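Quick notes on the structure that follows.
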Amino acid sequence: MVTSSKKSTNLQQIAEQFKRNQHVTSKIDLTGEAVYITVAQLKAIEKNLSVLPDECALIRITGATTEEGEQRYYSNTLTVYLDDDSKIGVFDTQFQAIEGFKFIKYETGYEGYQDILIEDTELRIDLSRSSAYNEDLRLPEKERKIGIKKGVGAPIPKLLASVPHPTVPLRDLEDGLVYKVLKKTGKSTQYERLRWRYLIQEPNGEEFEVYGNSDLDTLVEQRGCPCEFQIIDRVPYKEGQIIKLAAPEVASFAELII
């Protein structure tokens, strides 16, 4: 039960302030990369945030150039998505799940929000929007079938987007390097053919996810995880490439001259 002694923090407003912070926007302009702000960086100023883990990527600021050549900046914070089991969850800006919260109330739409309660602190966070709901919002108000919704608890699941899974394309991997597949991390439902995602590791220890192809799927099925692979060929296909993979001992035959 929410009592009058609860604390309250509007994370959407804090994220908006960082979008106008010149130190942040200058860094984006210089590197071309998003800026992430963690709980550890903010909790000395906003003590309510101590209810979240220090490493939580609380805010993300990104930049983009419009068709007119204008540079704009965008902010987001903790967000409500559907998880891989189509259940409603809360995720940080690096798409890591947040635990131990209670849904309080929400309002959908472009300016939508979700209020959640963690321990004695109420946080106002972002709501994702499914593609179908976005299309509905683009219609004139009188033609919308869904429109703006308000309520207690969590919103209707069909209004929400699925949590993203940032991946590195196989084509961006380097020829000649030996990569290690650490584990399967799930399947995508965004493609006609369900595709496995894998957590892989570079020789320098860096880890990231990729979507598999038929070669990688077969290798993992035959050898299990962990297993290693290399790129052995890049076959031109339409406007892209088909990436051919094999285990390192097989890949060593690719350039053998007989």
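The values are calculated or read from the model by the stated rules, or taken from the named source; none is laboratory data. Remember, predicted model here, so these are calculated numbers, not experimental data. Virtual Cβ from ideal backbone geometry, glycine too; neighbours counted across all protein chains shown. SASA here: full protein model, heavy atoms, side chains in, ligands and nucleic acids out. Shrake-Rupley method; radii C 1.70, N 1.55, O 1.52, S 1.80 Å.
In the complete set of protein chains, residue-level accessible area for ASP115 is approximately 0 Å², probe 1.4 angstrom. Among the GluC sites (Glu not before Pro) found in region 88-166, those both in a DSSP coil and sparsely packed, with 14 or fewer other Cβ atoms within 10 Å of their Cβ, are GLU99, GLU111, GLU119.
Note on the chain: with neighbouring protein chains present and a 1.4 Å probe, carbon and sulfur make up 48 percent of its accessible heavy-atom surface.
Kirkwood analysis of the chain, using all unique Cα-Cα pairs, places the hydrodynamic radius at 21.3 Å. Pairwise inverse Cα distances across region 26-128, averaged and inverted, put the Kirkwood hydrodynamic radius at 14.9 Å. Measuring nothing but how far apart in sequence close Cα pairs (under 8 Å, 6+ apart) lie, relative to its length, the chain scores a relative contact order of 13 percent. Computed over protein heavy atoms with a 1.4 Å probe, the accessible surface of the chain works out to 62 Å² per residue. Basic side chains Lys and Arg get +1 at the Cβ, acidic Asp and Glu get -1 at the Cβ, and with that the dipole of the chain about its Cα centre reaches some 1020 debye.
Dipole of region 144-233 computed with +1 at Lys/Arg Cβ and -1 at Asp/Glu Cβ about the Cα centre; of GLN230, ALA154, ILE200, farthest Cα towards the positive end is ALA154. The charge dipole of region 48-168, taken about its Cα centre with unit charges on the Cβ of Lys, Arg, Asp and Glu (plus for the first two, minus for the last two), comes to roughly 560 debye. Taking the Cα centre of region 127-223 as origin and assigning +1 to Lys and Arg Cβ atoms and -1 to Asp and Glu Cβ atoms, the resulting dipole is close to 800 debye.
The slack between ILE88 and LEU182, meaning 0.36 nm per residue of separation minus the straight C-alpha distance, is 31.1 nm. Subtracting the Cα-Cα distance of ARG138 and VAL235 from 0.36 nm times their residue separation leaves 30.8 nm of extension gain.
A cut-off under 13 angstrom between Cβ atoms defines the neighbours of THR79, and their net charge, with Lys, Arg +1 and Asp, Glu -1, is 0. Amide H contacts for SER130 (H built 1.01 Å from N in the peptide plane; partners 5 or more residues away or on another chain; cut-off under 5 Å): LEU160, ALA161. Taking a straight line from the alpha carbon of LYS184, these aspartates and glutamates sit under 14 Å away, with near neighbours fewer than eight places off in the same chain left out: ASP84, GLU207, GLU209, ASP217, GLU221, GLU228. Straight-line cross-link partners of LYS105 among the lysines, defined as a Cα under 29 Å from its Cα and at least 8 positions apart when in the same chain: LYS6, LYS7, LYS19, LYS43, LYS47, LYS87, LYS142, LYS145, LYS149, LYS150, LYS158.
At an R0 of 41 angstrom, the distance between the Cβ atoms of GLU221 and SER26 translates into a FRET efficiency of 0.30. Placing pseudo-labels 7 Å out from each Cα toward the beta carbon at GLU67 and ALA97 gives an inter-label distance of 4.0 nm.
Among the trypsin sites (Lys or Arg not before Pro) within region 145-225, those in coil by DSSP and having at most 16 neighbouring Cβ atoms inside 10 Å are LYS145, LYS149, ARG193.
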